[in-house]
Amino acid sequence: MHPDTKRKLYLAYVRSALIYPAIPLHTLSPSSISKLQSVQNKATRFITNAEWQDFNTSAQLHRQTKLAPINTLLHEHAKRIWANIENMHPQLYLHHTFPQETRQIPHRAFPSSRTKILGPPSNTQIHMTPHTAAPSINTPLG
């Protein structure tokens, strides 16, 4: 099989599944990213028909196949997705990147002194359900 065909097959079937969803994968630990990178390194050897005895480095094979390393690829994809969210939904972007205030749920047996003086936060609704161990909080987006 021709190397260009192998590269196209890798890009279509393997790498598309390997890097989806970019934002959660971008936050993986370095050891987990290296596991993803090892899959791509094996694919570059498959594409170029390189053997382990050929002494080609992974960087050489990546340049030869014109494939970016997984960590830079995930970073670029996540950066592009956040830019699209910022452009299309600016309020949602601001809400998730710059939270207005960090709110903590006071323990009902030991309320904080701030809660005693000020009362609970005005935009926060606390719901207790019998199936959850902790209360859930619903806050408005803007």
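The values are calculated or read from the model by the stated rules, or taken from the named source; none is laboratory data. It should be emphasised that the depicted structure is a prediction, and the values quoted were computed from it without experimental measurement. Please note: Cβ atoms are built from the backbone with ideal geometry, for glycine as well, and neighbour counts cover all protein chains shown. For the accessible areas, the whole protein counts, side chains as well, though only heavy atoms, and no ligand, DNA or RNA atoms are used. Shrake-Rupley method; radii C 1.70, N 1.55, O 1.52, S 1.80 Å.
Of all accessible surface on region 1-76 at a 1.4 Å probe, what whole percent is carbon and sulfur? Walk me through the intermediate numbers first.
Details: 3060 of 5000 Å².
Result for region 1-76: 61 percent of the exposed heavy-atom area is carbon or sulfur.
Roughly how many nanometres apart are two label points built 7 Å out from the Cα toward the Cβ at residue 50 and residue 2?
Placing both labels 7 Å along Cα→Cβ, they lie 2.2 nm apart.
Averaged per residue, what accessible area in Å² does region 42-102 show with a 1.4 Å probe, protein chains only?
Values: 4590 Å² over 61 residues.
Computed with neighbouring chains in place, this is 75 Å² per residue.
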